[in-house]
């Protein structure tokens, strides 16, 4: 999501000052996406340049109230109607970390997985507490925190899968592991050996 669409969504309910927009944005997202006021005003300037918002002039304190234009309403509606794209895939720091750890001689990748799982479970417990303490009427925050809970739960399951795969790979031993490496064509040395035996025995296995 871009900040510009977030601000358009907030302006849909009526004109607001920049500081109001920052406060409401952080309230709606549970402060999981903190904004500094410079980001807000820079984005508002670009939205005004593109014709999506209009400033109503400064008040006695020099503050400008912004309101969404018809073009801004159209842009907002289009954003809301467009599914979030999974392409290009976002970088997953944890997956990349584990993948690269496997290339480091002497790295205890299973220990890395276990430590990460502990940290993720701790975060999951905190997210669950936040949901329990949330006001049932604060739907925006509940949706955000529940998303965080589901993502943490999925990460725990994936880490369990990673550890199980590491255990299986280690149980094969280094020689067998090398034997089962697939070639670029998708075949393995074990596949070639099986084909050779099939041919030698007249097609019988």
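What follows draws every value from the coordinates through simple rules; no lab data is involved. The structure presented is a predicted model; accordingly, all values stated were derived computationally and were not measured. Every residue, glycine as well, gets a Cβ built from its backbone with ideal geometry; the counts of neighbours run over all protein chains shown.
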By how many nm would the segment from residue 49 to residue 153 lengthen if fully extended, with 0.36 nm per residue of separation less the alpha-carbon distance? 33.2 nm
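What order do you get for 98-109, 152-163 when each peptide is scored by the mean count of other beta carbon atoms within 10 Å, highest first?
So the peptides 98-109, 152-163, ranked by packing, come out 152-163, 98-109.
Using 0.36 nm times the number of residues separating residue 19 and residue 85, minus their current alpha carbon distance, what extension gain do you get? Numbers along the way, then the final one.
Working: separation 66, 0.36 × 66 = 23.76 nm, distance 3.02 nm.
Answer, rounded to one decimal: 20.7 nm.
Over the range 3-57, what is the relative contact order in percent, taking alpha-carbon pairs closer than 8 angstrom and at least six residues apart? It would help to have the intermediate numbers written out before the result.
Values: 32 pairs, mean separation 19.0, N = 55.
It rounds to 34 percent for the range 3-57.
Run the numbers for residue 93 and residue 121: contour at 0.36 nm per residue of separation, minus the present Cα-Cα distance, in nm.
Values: separation 28, 0.36 × 28 = 10.08 nm, distance 1.75 nm.
Full-extension gain reported as 8.3 nm.
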Find the relative contact order for the range 93-179 and round it to a whole percent, using C-alpha pairs within less than 8 Å whose residues are 6+ positions apart. 30 percent
Here P(r) for the range 93-179, Cα-Cα distances in 5 Å bins, as whole percents, is 3, 13, 19, 19, 13, 11, 8, 6, 4, 3, 1, 0
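Between rounded, prolate and oblate, where does the range 3-81 land on the alpha carbon gyration tensor, with a ≥ b ≥ c its root eigenvalues, rounded for a/c under 1.5, else prolate if a/b exceeds b/c? Mind dumping the intermediate values first?
Values: a/c = 1.71, a/b = 1.03, b/c = 1.66.
Oblate shape, in that a/c is at least 1.5 and b/c is the bigger or equal ratio.
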Simple spin-label estimate for residue 108/residue 134, 7 Å along Cα→Cβ, in nm, reads 3.7 nm
Just report the Cα centroid separation between the range 1-62 and the range 68-120, whole Å. 26 Å
If r is the Cβ-Cβ distance from residue 12 to residue 61 and R0 is 22 Å, what FRET efficiency results, to the nearest 0.05? 0.35
